[in-house]
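Every number in this text was worked out from the coordinates using simple rules, so none of it is lab data. Keep in mind the model is a prediction, meaning the values are calculated, not measured. So basically every Cβ, Gly included, is an ideal-geometry build from the backbone, and we count neighbours across all protein chains shown.
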Amino acid sequence: MYNASENCARPYAVGRKNFLFHNSVEGADTSAVIYSVVESAKRNGLNVLDYLTEVMDAMRGCEDVSAIIDDLLPWSERMQRACNPQYKEKEAELQK
């Protein structure tokens, strides 16, 4: 039986062959950050594509990201409302 941390690390381990093409430490670091963001979104029940789109849209033209960073975290109310299908279903049921 696998634990949660092993399950989170598995996609990175499976993609290891693809990572042979990282040409620099910076590229590998960037890849690790992207994997962390995606896995955090998954663990918080978000649709990953919707989440990444929402974050990029919010950051576009933003001069002070530190002012909005709390709203961009996967567990924030804003992201749950915008990107979590289960949250949307519950909200729709409450409106009936």
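Worth a mention:
- A viscosity of 1.002 mPa s and a temperature of 20 °C, combined with the Kirkwood radius over C-alpha pairs in the Stokes-Einstein formula, give the range 46-96 a diffusion coefficient of 185 µm²/s.
- Stretched out straight at 0.36 nm per residue, the stretch from residue 57 to residue 86 would grow longer than its current Cα-Cα span by 8.2 nm.
- Residues residue 42 and residue 71, FRET efficiency given R0 of 22 Å [Cβ-Cβ distance, rounded to 0.05]: 0.70
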